[in-house]
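The values are calculated or read from the model by the stated rules, or taken from the named source; none is laboratory data. Not measured: the values here are computed from a predicted model. Cβ placement follows ideal geometry from the backbone for every residue including glycine, while neighbour counts extend to all protein chains displayed.
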Amino acid sequence: MTDQKLKDPLHGITLEMILTQLVEQYGWDTMGKAVKIKCFTNDPSIKSSLQFLRRTPWARSKVEALYLRCKRVSAKKQKSSGEGIKNA
């Protein structure tokens with residue numbers, strides 16, 4: 001595996017996976033407020049959002065950044081609450 005793949009936190013994660021997880025966790029309304037694009041606020045769907053994001057690099061970057069922020073926040077919450085730590 002190359003160094004670039006090891007350093008890329010999105011390696012192996014598809015745009016559809018990112019979008020699906022964000023919608024499940026936050027819903028379209030919250031996503032529309034976080035990333036102001038019509039495909040999140042006006043009759044949103046995974047399919048239409050994927051089409052738009054694949055054609056619009058700046059919007060895709062914003063969605064990927066939102067996903068990474070959410071993952072960091074979740075990891076911090078998990079670490080501070082002690083979840084994921086096995087009791088010996």
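So here's what we get for this one:
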| read-out | value |
| --- | --- |
| Search result, residues across the stretch 14-42 that are under 17 Å from THR56 (Cβ atoms) and charged (D, E, K, R) | GLU16, LYS36, LYS38 |
| Hits in the stretch 40-59 - residues which are under 10 Å from LEU19 (Cβ atoms) and touching a Leu at 6+ places or on another chain (Cβ under 9 Å) | ILE46, SER49, LEU50, LEU53 |
| Segments classed as helices (runs of 4 or more DSSP H), wholly inside the chain, with at least 3 members that are modelled with pLDDT of 95 or more | 15-34, 46-55, 57-81 |
| Answer from PHE52, PHE40 - the residue that is hydrophobic (A, V, I, L, M, F, W, C) and in contact with a Gly (Cβ under 6 Å, 6 or more places away or on another chain) | PHE40 |
| Count of residues meeting criterion [exposed (fewer than 15 other Cβ atoms within 10 Å of the Cβ), among the hydroxyl-bearing types (Ser, Thr, Tyr) and more than 16 Å from CYS70 (Cα to Cα)] in the stretch 15-52 | 3 |
| Residue count for the stretch 61-76, restricted to those that are farther than 17 Å from GLY27 by Cα and surrounded by 13 or more Cβ atoms within 10 Å (Cβ to Cβ) | 0 |
